[in-house]
1. Just the residues that are in contact with a helix residue (DSSP H, G or I) (Cβ under 8 Å, 6 or more places away or on another chain) and free of Cβ contacts under 8 Å to residues at least 12 places away in the same chain, please, taken from the stretch 131-151.
2. Taking the stretch 119-161 on its own, how many of its residues are closer than 15 Å to residue 205 by Cα and surrounded by fewer than 18 Cβ atoms within 10 Å (Cβ to Cβ)?
3. When you go through 29, 49 one by one, which is the residue that is in a helix (DSSP H, G or I) and farther than 25 Å from residue 131 by Cβ?
4. From the list 91, 158, which residue is more than 17 Å from residue 215 (Cα to Cα) and without any contact (Cβ under 8 Å) to a residue 12 or more places away in the chain?
5. Taking the condition in contact with a helix residue (DSSP H, G or I) (Cβ under 9 Å, 6 or more places away or on another chain), in a helix (DSSP H, G or I), within 19 Å of residue 228 (Cα to Cα) and touching a residue at least 24 places away in the same chain (Cβ under 8 Å), does residue 16 pass?
6. Surrounded by fewer than 22 Cβ atoms within 10 Å (Cβ to Cβ), more than 16 Å from residue 247 (Cα to Cα) and modelled with pLDDT under 95 - does that describe any residue in the stretch 87-98?
7. Residue under question is residue 126, and the condition is that it be modelled with pLDDT of 95 or more and touching a helix residue (DSSP H, G or I) at 6+ places or on another chain (Cβ under 6 Å); does it hold?
């Protein structure tokens, strides 16, 4: 029996378990199961791998995409570039390898979303692990971007600094924060929504709810909008291919 699973802090409303359980049933994959492994601290990953000898693959979610790196033996090129991991393969020799399939998922989903990339600039809301995958894709697509964070940093401006000029110039706005995620659906990133127009594209990495307050605000200003469901599905399939190739 091959075991797969998701590690994170709060996994009650996980997409991954439902997705892979249905996939195994649909594709008649009988020798595999997918479980949720809530870790109070990332250090617990060592004990998890020791206690589950049949574990061959893990997905990684908030808040461990960056914190998990010291517990891995190797990183693939994509994970190494952005220093964030969302997929782990455990080989027969118990080598633990980190990957980032968010890059593939976001890139394919973004390209299907954007009608016109020329002269497009992007605001990335948030500076966590998911934001790094988004930034890597924007670099590859040659879309200039600016990080926005609660605290000012070398690469980030604050939400307070966002004004009409910023919103007018940056037509693609990507939410990589958990603001608005179920069950806290009343939350949203604090940007000046009043300056949005039909020229703007709002992409929310959140998939539950399907329509976050961030996206609802965009729709009320005639923006084009997209949630994270397609990205999530694409990255999950990429993770599955990695696990099959390394077990």
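The values are calculated or read from the model by the stated rules, or taken from the named source; none is laboratory data. These figures come from a predicted structure and were not determined experimentally. Because the Cβ atoms are built from the backbone with ideal geometry, glycine has one as well, and the counts that use them run over all protein chains shown.
1. Answer for the stretch 131-151, where residues must be in contact with a helix residue (DSSP H, G or I) (Cβ under 8 Å, 6 or more places away or on another chain) and free of Cβ contacts under 8 Å to residues at least 12 places away in the same chain: just 150.
2. 1
3. That would be 49, the only listed residue that is in a helix (DSSP H, G or I) and farther than 25 Å from residue 131 by Cβ.
4. Going through 91, 158 in turn, the sole match is 158.
5. In short, yes.
6. Within the stretch 87-98, not a single residue is surrounded by fewer than 22 Cβ atoms within 10 Å (Cβ to Cβ), more than 16 Å from residue 247 (Cα to Cα) and modelled with pLDDT under 95.
7. Considered against the rule, which asks whether it is modelled with pLDDT of 95 or more and touching a helix residue (DSSP H, G or I) at 6+ places or on another chain (Cβ under 6 Å), residue 126 comes out as no.
This table checks each residue for (1) outside any loop (DSSP other than H, G, I, E, B); (2) over 28 Å from residue 226 (Cβ atoms); (3) in contact with a strand residue (DSSP E or B) (Cβ under 7 Å, 6 or more places away or on another chain).
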site: 57; (1), (2), (3): yes, no, yes
site: 67; (1), (2), (3): no, yes, no
site: 78; (1), (2), (3): yes, no, yes
site: 84; (1), (2), (3): no, no, no
site: 133; (1), (2), (3): yes, no, no
site: 136; (1), (2), (3): yes, no, no
site: 143; (1), (2), (3): no, no, yes
